[in-house]
Amino acid sequence: MKRNKKPVIPHTNERHMNAMHRLGRAGVAGAILLMLGMPLALGLYFDALPSVGKILQAAVPLLVVFVPSGFAEVLYYTPIMGSSVYLALITGEIINLKWPVINNAIKISNISPGTEDAEVISSIAAGTASLIVVALVTACIVLSIPLQPFLTMPAVRTASANVFPALFGAMVLDAFKSDLGSGIRASGRWKSLLFPLLLVAGVTFFDAELSAFLHLDTLVGQAGTGVIMSVYPGFVIILMLPVVYYTTKLLYKKGKIHIRLPEKT
Amino acid sequence: MTYLDAAQHWLTYAIVVAGICYIVFLTVFHMRKSWKRALEIGYTKKQLRKVVKSSASYTLIPAIAILVGFFNLAPTLGIPLSWWRLSVIGNTVYEIMAADIALNASGVANVAEASAKEFVLVMSVMAIGIMGSMVISVLIAKKIQSGVFKIRQRDPRWSALGNSTFITTVLIVLTIPYFFRVSVALLTLVTGAAVSLALRPVIRKTGLAWLNDFSLAISMLTAMASSVMWTSLLA
């Protein structure tokens, strides 16, 4: 998408960025208060407040798994989404919805991730996706009786269960493309992916052995099973980020990957 | 009061409606600010409407899976809490897992035996267990974004390439495991990639800009539909 008077690398506006981060943080604070306040209000009204010990007993196992993966999510989504990451996290369904929707919006707008352009476009795309989901779930409740036969059909359930591979299939070839958006082209980019691909393939192949060696299989009650790629992909992404980043940087510095910026107009 | 009485209580509905109003308000406010900023930096309303239209159409396909999730959640959580949980952070698998852990902690086998206290426990545990990423985002998201912008100012070439590594890493880690077993999931993934590849020359030759805007959605929808065929072939 060509913007009016578009500079080669779009400028950033610190004031707007600061305002969006303030709004995002306030939004997160409000969402946390709501999420905690709801059960508290109901518990008080029903005179049915559970003990703090019982809440912690059930919440700690979840926190052990979801805090590290939450850290990973913030680490790899923020460079792509900018300050829209707050809205995406509050409204959830990131990997199967917000991320591809934002990726699609960045792609059709022909801009690069990590720019102010990507920031505003991501925000509009993530907001649209959130509103549509809220509207659809609301409509689903209103129309639950007529919709139930359709949404519980075996074919619909099968298609829904395969939403992740369908999504990754539709997106995966973009990882090898030389077009980085905004008219920026990276020739030889595929070279930087070979080592990370082999490394992840190796971890997947030896998943059972590595899981047993690190006692991760017993930790999640699946002794003898490979659990690294199925239960802890967030950890693998955290470990792979510097591998992919620095492999790419090394090849770029050695001149094996060439970047061509669009000419100024 | 039983678990299901609490789950379907008018107050539970009222609180959930208030929460959803907050989410809608926050989203609209966020979008409005970004929309204004986009116009300031040179985008036209037509270009922004195109982003909205394409994002809306792309949302519809994964949203089917979310709606299917509603019918999985509603028997355990009741209608209002399912409505709330599908509108905020989390996903169907997480919600079911959290409900199961919370009920186990109470020594209750299923919701039919549970009381309102267990319902409040389930609601609390679901909220606390998933909010790590939100808290972490408040602490580090701005620092990460500032770092990204600094690299861009120093070396725009490397910045463009370096930024692409984040998406690439996620795709590599999540995609590779599918290739280790011939399954419906693998065939679905390959179908999605094949359709997306096949659409490229069509878009280039016909110059159909709208097709480019919807190519991801078309690839994904075709792949999901193909999973039904692969399931029956592999059965």
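In this structure, does A:I121 turn out to be surrounded by fewer than 22 Cβ atoms within 10 Å (Cβ to Cβ), part of a helix (DSSP H, G or I) and out of contact with any strand residue (DSSP E or B) (no Cβ under 8 Å at 6 or more places or on another chain)? Explain how you work it out, then say what you get.
Values: surrounded by fewer than 22 Cβ atoms within 10 Å (Cβ to Cβ): no; part of a helix (DSSP H, G or I): yes; out of contact with any strand residue (DSSP E or B) (no Cβ under 8 Å at 6 or more places or on another chain): yes.
Here the answer is no, as A:I121 does not meet what is asked.
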What residue, of B:G69, B:G78, is over 22 Å from A:L97 (Cβ atoms), assigned by TED's automatic domain parsing to the domain that holds B:H9 and touching a helix residue (DSSP H, G or I) at 6+ places or on another chain (Cβ under 7 Å)?
B:G78
Assess whether B:S164 counts as being assigned by TED's automatic domain parsing to the domain that holds B:Y13, out of contact with any His (no Cβ under 9 Å at 6 or more places or on another chain), crowded, with 23+ Cβ neighbours inside 10 Å and without any contact (Cβ under 8 Å) to a residue 40 or more places away in the chain.
no
For the range B:182-190, indicate whether the set of residues that are under 30 Å from A:V236 (Cα atoms) and more than 26 Å from the chain's Cα centre (by Cα) is non-empty.
yes
Just to be sure, is A:D174 touching a residue at least 40 places away in the same chain (Cβ under 8 Å) and among the acidic types (D, E)?
yes
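Being surrounded by 14 or more Cβ atoms within 10 Å (Cβ to Cβ), at pLDDT below 85 and at positive phi narrows it down to one of A:G181, A:G188, so name that one. Spell out the reasoning first.
Values: A:G188 fails: at pLDDT below 85.
So the residue among A:G181, A:G188 that is surrounded by 14 or more Cβ atoms within 10 Å (Cβ to Cβ), at pLDDT below 85 and at positive phi is A:G181.
Before we move on, is A:E116 at the interface with chain B (Cβ under 7 Å from one of its Cβ atoms), acidic (D, E) and more than 30 Å from B:P156 (Cα to Cα)? Please lay out each step first, then the result.
Numbers: at the interface with chain B (Cβ under 7 Å from one of its Cβ atoms): yes; acidic (D, E): yes; more than 30 Å from B:P156 (Cα to Cα): no.
In short, no.
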Exactly one condition in (1) under 22 Å from A:A118 (Cβ atoms); (2) at pLDDT below 85; (3) not in a strand (DSSP E or B) is not met by A:K249; state its number.
(2)
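Here is a list: A:A208, A:A166. Which entry is in a helix (DSSP H, G or I) and more than 9 Å from chain B (Cβ to nearest Cβ)? So that I can check it myself, show each step before the final result.
Values: A:A166 fails: more than 9 Å from chain B (Cβ to nearest Cβ).
On inspection, the qualifying residue turns out to be A:A208.
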Hits in the range A:106-118 (condition: outside any loop (DSSP other than H, G, I, E, B) and either closer than 22 Å to A:V28 by Cβ or among the β-branched types (V, I, T) (or both))
A:I106, A:I108, A:E116, A:A118
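Of B:V228, B:V182, which residue is assigned to a helix (DSSP H, G or I) and either assigned by TED's automatic domain parsing to the domain that holds B:S55 or β-branched (V, I, T) (or both)? Spell out how you get there, then give the answer.
On the way: B:V182 fails: assigned to a helix (DSSP H, G or I).
One residue alone meets the criteria, B:V228.
Condition check ((1) without any contact (Cβ under 8 Å) to a residue 40 or more places away in the chain; (2) assigned by TED's automatic domain parsing to the domain that holds B:V190; (3) buried (at least 24 other Cβ atoms within 10 Å of the Cβ)) across all residues:
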site	(1), (2), (3)
B:Y94	yes, no, no
B:D100	yes, no, no
B:A112	no, no, no
B:K117	yes, no, no
B:L121	yes, no, yes
B:I136	yes, no, no
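Which of the residues that make up the range A:247-264 are closer than 18 Å to A:F195 by Cα, at the interface with chain B (Cβ under 9 Å from one of its Cβ atoms) and not basic (K, R)?
Let us first name the residues in the range A:247-264 that are closer than 18 Å to A:F195 by Cα, namely A:247-257.
Narrowing further to those that are at the interface with chain B (Cβ under 9 Å from one of its Cβ atoms): A:247-249, A:252-253, A:257.
Matches in the range A:247-264: A:T247, A:T248, A:Y252, A:I257.
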State yes or no: is B:L77 buried (at least 19 other Cβ atoms within 10 Å of the Cβ), touching a residue at least 40 places away in the same chain (Cβ under 8 Å) and either assigned to a helix (DSSP H, G or I) or at the interface with chain A (Cβ under 8 Å from one of its Cβ atoms) (or both)?
yes
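Look through B:T59, B:T44, B:T2 and report the one residue that is in contact with a strand residue (DSSP E or B) (Cβ under 8 Å, 6 or more places away or on another chain) and either more than 7 Å from chain A (Cβ to nearest Cβ) or over 26 Å from B:A114 (Cβ atoms) (or both). Spell out the reasoning first.
Numbers: B:T59 fails: in contact with a strand residue (DSSP E or B) (Cβ under 8 Å, 6 or more places away or on another chain); B:T44 fails: in contact with a strand residue (DSSP E or B) (Cβ under 8 Å, 6 or more places away or on another chain).
Selected residue: B:T2, the only one of B:T59, B:T44, B:T2 that is in contact with a strand residue (DSSP E or B) (Cβ under 8 Å, 6 or more places away or on another chain) and either more than 7 Å from chain A (Cβ to nearest Cβ) or over 26 Å from B:A114 (Cβ atoms) (or both).
Go through B:M131, B:M224 for me and flag whichever is more than 16 Å from A:V163 (Cα to Cα), in contact (Cβ under 8 Å) with a residue 12 or more places away in the chain and crowded, with 22+ Cβ neighbours inside 10 Å. Spell out how you get there, then give the answer.
On the way: B:M224 fails: more than 16 Å from A:V163 (Cα to Cα).
None of the other options fit; the residue is B:M131.
Does B:S82 satisfy being part of a helix (DSSP H, G or I), more than 7 Å from every other protein chain (Cβ to nearest Cβ) and crowded, with 18+ Cβ neighbours inside 10 Å? Break it down into steps so the answer makes sense when it comes.
Numbers: part of a helix (DSSP H, G or I): yes; more than 7 Å from every other protein chain (Cβ to nearest Cβ): yes; crowded, with 18+ Cβ neighbours inside 10 Å: yes.
Judged against the criteria, B:S82 is a match.
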For the range B:194-207, check the following and say yes or no: at least one residue is part of a helix (DSSP H, G or I), surrounded by 17 or more Cβ atoms within 10 Å (Cβ to Cβ), within 7 Å of chain A (Cβ to nearest Cβ) and of a type in the set (G, A, S).
yes
I need the full set of residues from the range A:139-163 which are modelled with pLDDT under 75 and more than 7 Å from chain B (Cβ to nearest Cβ), in order please.
A:S144, A:I145, A:P146, A:L147, A:P149, A:F150
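Going by what's in this entry, would A:K98 be described as of a type in the set (D, E, K, R), under 22 Å from B:F214 (Cβ atoms) and either without any contact (Cβ under 8 Å) to a residue 40 or more places away in the chain or part of a loop (DSSP other than H, G, I, E, B) (or both)? Lay out the reasoning, then the answer.
On the way: of a type in the set (D, E, K, R): yes; under 22 Å from B:F214 (Cβ atoms): yes; either without any contact (Cβ under 8 Å) to a residue 40 or more places away in the chain or part of a loop (DSSP other than H, G, I, E, B) (or both): yes.
Yes: the conditions hold for A:K98.
The values are calculated or read from the model by the stated rules, or taken from the named source; none is laboratory data. The shown structure was predicted, so the numbers you read here are calculated from the model rather than taken from an experiment. Quick reminder, even Gly has a Cβ in these numbers, built from the backbone with ideal geometry, and neighbours come from all protein chains shown.
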